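Read the figures in this text as sums done on the coordinates, not as results from a lab. A quick note: this is a predicted structure, and the numbers were derived from the prediction, not measured. Quick reminder, even Gly has a Cβ in these numbers, built from the backbone with ideal geometry, and neighbours come from all protein chains shown.
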């Protein structure tokens with residue numbers, strides 16, 4: 001049966017009324033389910049609502065490396081040598097063109113230009129520009145497509161990260177991983193289809209919060225939400241049996257709970273109860289699959305050395321990148337690795353050096369690791385943040401120290417594998433890295449292209465909610481064919 005039709009048939013009058021109008025029923029259910037509602041579908045028969053992709057995909061899975069806080073494109077990828085001649089001069093109004101500013105710099109009397117202190121060089125066959133902060137990433141220049149013209153309307157962190165993750169600046173929409181789980185289903189019955197890893201960071205500063213809704217299911221069935229694995233203790237809370245509880249006792253307990261849940265389902269026909277039953281079963285299987293996943297003792301010394309010394313420290317970006325590869329190897333559909341600490345309004349040169357030290361070697365290792373296993377061609381890797389940083393300085397400016405404010409008009413994302421052209425640079429910004437002058441790519445275009453790599457027509461993966469068909473790209477988005485093979 002069509003899953004959409006089946007879901008409508010399963011919704012009783014009581015359930016429909018509970019989820020309509022004020023949504024009190026949905027809120028009550030969410031509080032009852034708690035963290036259980038944040039698990040993903042695990043049925044081996046779960047092919048997703050689409051049944052199969054709209055067309056032949058180039059990628060089967062995604063690893064999304066998200067730099068929360070917005071890394072400075074000016075100090076990493078978008079080389080602007082002419083700015084050295086304009087040090088501490090005011091940003092021309094003809095460049096700014098009345099752009100809305102954040103409250104952090106709107107009160108400044110000047111907007112002095114702060115050139116990057118870092119040296120740049122060209123790498124790879126096609127001469128991709130990268131700064132000295134990224135010596136390891138420079139070695140994979142021929143494997144990645146650097147897109148310098150991503151842009152967004154959001155100018156503050158929470159709306160911006162919510163926007164790129166869900167397609168809307170207002171919370172409540174499904175995240176990209178949830179859309180993929182809903183559309184394509186699961187490829188592994190023992191692990192969630194959508195897994196989230198959060199990393200420690202080295203910059204000595206506060207960081208923007210990461211909310212669970214960023215990997216939530218929104219109005220999609222809750223089984224499609226991401227499962228966040230912890231770096232300390234049990235990867236998932238209460239996954240291990242407590243002292244005195246054997247596997248046999250746990251099995252009997254689950255059977256009893258399933259029977260009670262089934263009685264409740266028979267009475268009110270709420271599809272979320274079926275999800276709850278499935279999640280208890282997933283947790284039982286994860287008691288075996290997750291410890292095996294986290295055991296890297298069988299990894300070769302060569303592989304561990306590729307990721308660098310931090311790979312041995314749980315929760316670091318390097319350790320999470322290796323874990324992401326292991327998840328991809330086990331056919332987890334979507335793995336998102338977050339690292340915070342990129343919100344560098346001051347002391348940028350020192351902080352960004354520390355942040356790049358966290359991620360540079362691991363990013364290159366992940367690409368090379370996937371390549372040597374023959375997985376890069378059907379794994380799409382995406383690297384980026386929620387917006388960019390300004391050429392003008394926030395706060396005090398010297399030759400060796402500066403800060404940068406938020407900049408949504410242009411920022412850099414790179415992609416690799418999964419049908420993306422390797423070794424290219426796409427788009428161009430002006431001399432100030434302030435405005436796009438060639439080949440703009442909106443975040444809806446980026447997300448439409450990501451879905452395209454997985455064989456999905458972004459306009460046809462929809463969900464009807466409150467009388468409207470919703471999708472990840474809202475009513476926008478066009479495929480960026482220039483970066484596709």
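A few comments on the model shown:
- The fewest-to-most ranking of 125, 89 by surrounding Cβ atoms within 10 Å reads 125, 89.
- Computed helical MRE - 222 nm, the chain, DSSP H runs ≥ 4 contributing -39500 (n - 2.57), nearest 500: -10000 deg cm²/dmol
- Calculated FRET value between residue 297 and residue 257, using beta carbons and R₀ = 41 Å, to 0.05: 0.75
- Relative contact order for the range 81-231, counting Cα pairs under 8 Å that sit 6 or more residues apart, in percent: 16 percent
- Mean sequence separation of contacting Cα pairs (under 8 Å, at least six apart), scaled by the length of the chain, corresponds to a relative contact order of 29 percent.
- Considering only the chain, percent of DSSP beta bridges that pair antiparallel, nearest 5: 50 percent
- The range 230-388, relative contact order [Cα under 8 Å, separation at least 6], %: 18 percent
- Using alpha-carbon coordinates, inclination of helix 271-294 to the longest axis of the chain, degrees: 60 degrees
- Full extension of the chain between residue 371 and residue 354 gives 3.4 nm of extra length, using 0.36 nm per residue less the Cα-Cα distance.
- The C-alpha atoms of the chain define a longest principal axis, and helix 247-268 lies at about 80 degrees to it.
- Estimated inter-spin distance, residue 478 and residue 438, nm [label 7 Å along Cα→Cβ]: 1.8 nm
- Rounded tilt (10° steps) of 317-329 against the dominant C-alpha axis of the chain: 50 degrees
- Global geometry of the range 340-452, whether rounded, prolate or oblate, following the gyration tensor of its Cα atoms and the 1.5 cut on a/c: oblate
- Three-way shape label, the range 437-485, alpha-carbon gyration tensor, a/c 1.5: oblate
- Separation of the residue 398 and residue 249 label points, Cα + 7 Å toward Cβ, nm: 6.3 nm
- Inter-label distance for residue 268 and residue 122, nm, one decimal - labels placed 7 Å from Cα along Cα-to-Cβ: 6.5 nm
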